[in-house]
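The next block holds one structure in the form of structure tokens; read it before the comments.
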Amino acid sequence: MRLANLDIIDFAPPAPGWGGRYFLFVKVTTDTGIVGWGECYASSVGPDAMKAVIQDVFNRHMAGENPENIELMFRRAYSSGFTQRPDLTVMGAFSGLEIACWDILGKDRDRPVWALLGGKMNDRVRAYSYLYPLVHHDLNTFWTSPDMAAEAARDAVAKGYTAVKFDPAGPYTARGGHMPAMSDISASVAFCKAIRDVVGDKADLLFGTHGQFTTAGAIRLGQALEPYSPLWFEEPIPPDNVAQMAKVADAVRIPVATGERLTTKAEFAEVLRQGAAEILQPALGRSGGIWETKKIAAIAEVYNAQMAPHLYAGPIEWAANVHLAVSIPNILIAETIDTDYHRAIIQDSIRVDKGFIPAPEGAGLGINVDEDYIRSRPFTGDGLHLQMQEDPCDYANGNAFIGGSPPVHPD
């Protein structure tokens, strides 16, 4: 059995667009006719340029290869162009293709992917979701309203979720870390208080930041949130300075989580080595794929750290996250995005049940991809999957995070 053909499909989610402006799916077919699906979580360049990278990685390192040879293909891609170092774009391309290989292998053996990774460690995986607006909420004011967030948290707990994530801490800027505005600290405290008052001890609070702050700014904010005992303080400073993140971890009594912008064991191992985080958040469509992330999980075991796979993408990456989570002992929780279109893409073949994801039982990734649907919504915009603002933090008028840069849709 050999890898023969590749098709790359970009999908533009309908409004409100939770999960990003577009998803990049790959369909890999073997010379025996088995189809494997993967998803590339790569957004450093636009989707057209990224498609060219994905095609190049496939043609150069994978076409004609036995899909069993995951390690060999990884080493080829990792070494591409005399690099042998983490490359976010190349690894983003390879990761989605690697996920498709596992889907093929599972289908060929009529077994779930987790069964090929050491078997079932967990019958189900704990899930969490961002707090998104409810139907009656105003989309623009929701992100700065502790009361609306608390209402959304109550709804999530009623559905069975035992953890909710929110991010009221101000802007992500291309300028790097900034000192938070006092109004952003006050708003963050107000969100934590309102949500904790509603959920009590029924759910953990996952405080999301995305590298917004300087080291000192992150410490100020984190210490202000300590009375509400969040489960984690997510990526409090830019991910390019592990030593400074370790200083935050030492100064704040909230576990630090990081990893959605990291790739390969080389970067994750350094986080653990320096004590910068106790919770790792790899996105499997970027981190090197399923096998590489299984290695990351094993390294994390040595450091008594836990895994919490990240998701701001589509449901095929989510399926890969779930299979990894089923197979490892140090899984903490897995992010999920429960929208009509996420469910429609995989035709409800994996679902959250009362706050937990049952281990998939179907062959391969265990998903039924609606190919007609994903081909019906090609991306026609010119933005990236996610974008950072160039304007600095506003210390006079306050700041607002608008839900992960939801796209503008013609519908």
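For this structure, a couple of remarks:
- Cα-based Lys proximity count in the range 80-207, under 24 Å, for pairs eight or more positions apart or on separate chains: 6
- Hypothetical label at residue 295: residues of the range 250-284 whose amide nitrogen lies under 19 Å (7 Å Cα-Cβ projection): 259-274, 280-284
- Förster radius 45 Å - calculated FRET efficiency between residue 197 and residue 372, Cβ distance, rounded to 0.05: 0.45
- Förster radius 35 Å - calculated FRET efficiency between residue 241 and residue 344, Cβ distance, rounded to 0.05: 0.30
- For the range 333-380 versus the range 69-113, the gap between their alpha-carbon centres in whole angstrom: 21
- In Hz, Karplus ³J(HN,Hα) per residue of the range 64-81 (6.51, -1.76, 1.60; θ = phi - 60°; x = Gly, Pro): x, 8, 5, x, 5, 7, 4, 4, 4, 5, 4, 5, 4, 5, 5, 8, 3, x
- Amide H partners (placed H, <5 Å) of residue 286, local residues excluded: 41
- For trypsin sites (Lys or Arg not before Pro), the sites in the range 60-128 that DSSP calls loop and that have at most 15 other Cβ atoms within 10 Å are 120.
- Rounded to whole numbers, the Karplus 3J(HN,Hα) couplings from phi for the range 364-372 are x, 6, x, 10, 10, 7, 7, 5, 4 Hz, using 6.51 cos²θ - 1.76 cosθ + 1.60 with θ = phi - 60°, and x at Gly and Pro.
Laboratory data are not the source of any read-out in this text; all were calculated from the coordinates shown. Please read all numbers here as calculations on a predicted model, not as lab measurements. Cβ: placed from backbone, ideal geometry, glycine included. Neighbour counts: every protein chain shown.
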